[in-house]
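Inspection log for the structure reproduced underneath, given as structure tokens.
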Amino acid sequence: MKHLAIVLAALSATVPAAVAAPMPCEGLSAGALGLSGVTLTSVEAVPAGDESPVAQCRVRGITAERVGADGRNYALRFELALPDEWNGDFVHQFNGGSDGEVKPATGGLGAGTGDTTPLARGYAVVSSDAGHDGTANPEAGLAGGTRFGLDPEARAMYGYKAVATLDPLARQIVGAYYGEEIGHAYGIGCSNGGRHAMVAAMRMPDAFDGLLAGAPGFNLPRAGLQHALDVQTLGAVTGDLTTAFSPDDLALVANGIRAACDGLDGLEDGLVADTAACQATFDIGSLQCDDGSADGCLTAGQVAALRTIHAGTDGAGAPYYSDWPWDTGIESGGWRIWKLNSPIEPWGFMPIIAVMGAGSLAQVFTTPPTEVAGDPASLVQFLRDFDLSARAGDIYATAAGYPESGMAFMAPPGADNPVLAEFRDAGAKFIVFHGVSDPVFSANDTAGWYGRLDANNDGRARDFVRYYPVPGMVHCSGGPATDGFDLFAGLVAWVEHGDAPEAIVAVGRADNEELPDALKGAERLLCPAPQVARYVGGDTALAGSFACR
């Protein structure tokens, strides 16, 4: 019945409720909407089609214009989608990466919102660049997208102020345009967008009725330290980061994990659902070459490197960021492009951590910031030379002109010992999901956060927060995983009907090239932690053959 309730809620969300006639889109102005300090740069009626899943009035604008301490112009740019058939509700779309770009306002995620975006369901949706233009510094090359970190206010906007600034303005526009108050407000994001959601839960506890956070990088500056550890450790294997592990090497690791752990959930199907049991079962050392062997095994250096980056600790065993679970998505192209190499020639074929990650650690997360050159070689060298023993503390430091540390403006306040009392007492609901094979933000960090939250709420965190690990999934979507699922529908059912989500059906997407053919179209269950999806008998392609236990 719980599955049925969620499906019915999803269907009802796609049928917009009747509302008063909206204002005419043509000629819409800031004055007509009662706005001050906002410039509308574009107002356009967009028909349903390639540009938009539904007919909408698309509003683009700028607010919070200023000149930064670095002498550069800054502003908060946004796009607000106002569907012709509005369902009366609102979604704030939190974007990922370093922000700096106004992504199309649809509310959709790679995984987590199913096949139908919130915009297509009738929600008004807002998106922003978080207060800086990632293309404003072309002379900085690949470091240009994070050059905003030289300005302290731009750092704060990126960390938490942009959402707090834009949210009331967007709601004012929605209310004025439709002539009605917003019914329910939701926030949605993955990666840095998931971090925005966690920050909102702490800094804006009364703002949202429901939040959906995927792969939340809530300790992003600490994850930046991991990038340095990864580059230094993996690069030492062969002297070249891009050749440390071949695709066959990582497939060997994934298959070793399957051999040790696949049956722990009751079914050998290529998916390792019992992550916790697997950590106690799998030993990477079992894949190390014996003396004289070279094929079908890993070198001692490769084994040591994988142990180091999965532990994530310094020489004394203290974590820079978090430890990481062993999971099958390590063989995924989505793991490789973050950690080892990319197919992108202008990046020098370097991985994402070596281009975006280096710029972020140098210019945004450490204080004072270090202006780094934007060519691939310089960015990689910055991470190679980053002295973790001497500089890890820079993410907690302040300096003249920089009153907030990287951790202070990026992390949700109290994330190390979360309670979320104000959010809880406001009656809001929160769903968090995380790919167990995420190579950027550790699913163990998110699991640890939820565990502490649960303990601080006397074992009742599930009354307002649910956490769903996704076996095999890498960053936000993809990997050898059943990553076709709609947690947003579950959130709406919880917020609006009181139907708390339990098992969520996840489907193997037909277009997921990293999923075995036998799992394409197959159903599995995502279970709220600490439960695990276990096979109980029957057709292995159907969700009803599994139970959360």
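Considering only the range 407-434, how many residues are within 27 Å of SER477 (Cβ to Cβ) and of a type outside the set (A, V, I, L, M, F, W, C)?
4
Taking first residues from the range 322-337 that are more than 17 Å from GLY256 (Cα to Cα) and partners that are among the charged types (D, E, K, R), the Cβ contacts under 6 Å between residues at least 6 apart in sequence or on separate chains come to SER322/ASP445. So is GLY521 at positive phi, open to solvent by less than 10 Å² (accessible area, probe 1.4 Å) and assigned to a loop (DSSP other than H, G, I, E, B) or not? Criteria not met by GLY521.
Selection within the range 194-211: residues that are open to solvent by 40 Å² or more (accessible area, probe 1.4 Å) and in a helix (DSSP H, G or I). The member of this set that is farthest from ALA421 (Cα to Cα) is ARG203. Scanning the range 489-530 for residues that are farther than 24 Å from ARG121 by Cα and out of contact with any strand residue (DSSP E or B) (no Cβ under 6 Å at 6 or more places or on another chain) returns ASN512, GLU513, GLU514, LEU515, PRO516, ASP517, ALA518, LEU519, LYS520, ALA522, PRO530.
Taking the range 278-308 as the range and being closer than 18 Å to ILE330 by Cα, without any contact (Cβ under 8 Å) to a residue 60 or more places away in the chain, open to solvent by 30 Å² or more (accessible area, probe 1.4 Å) and assigned to a helix (DSSP H, G or I) as the test, the residues that pass are GLN279, ALA280, THR281, SER286, ALA304, ARG307.
For the residues ALA481, ALA493, ALA500, the requirement of being open to solvent by less than 10 Å² (accessible area, probe 1.4 Å) and either in a loop (DSSP other than H, G, I, E, B) or not hydrophobic (A, V, I, L, M, F, W, C) (or both) singles out ALA481. When THR313, THR367 are checked against the criterion of being in contact with a strand residue (DSSP E or B) (Cβ under 8 Å, 6 or more places away or on another chain) and surrounded by 23 or more Cβ atoms within 10 Å (Cβ to Cβ), a single residue qualifies: THR367. Given the residues THR165, THR135, which is the only one that is open to solvent by 10 Å² or more (accessible area, probe 1.4 Å), over 30 Å from ALA506 (Cα atoms) and outside any loop (DSSP other than H, G, I, E, B)? Only one candidate passes the filter, namely THR165. Looking across the range 181-195, just one residue is over 16 Å from LEU491 (Cβ atoms) and either touching a Cys at 6+ places or on another chain (Cβ under 7 Å) or of a type in the set (Gly, Ala, Ser) (or both), and that is SER191.
The values are calculated or read from the model by the stated rules, or taken from the named source; none is laboratory data. These numbers come from a predicted model, not from an experiment. Cβ: placed from backbone, ideal geometry, glycine included. Neighbour counts: every protein chain shown. Just the protein is used for accessible areas: all its heavy atoms, side chains included, with ligands, DNA and RNA removed. Shrake-Rupley method; radii C 1.70, N 1.55, O 1.52, S 1.80 Å.
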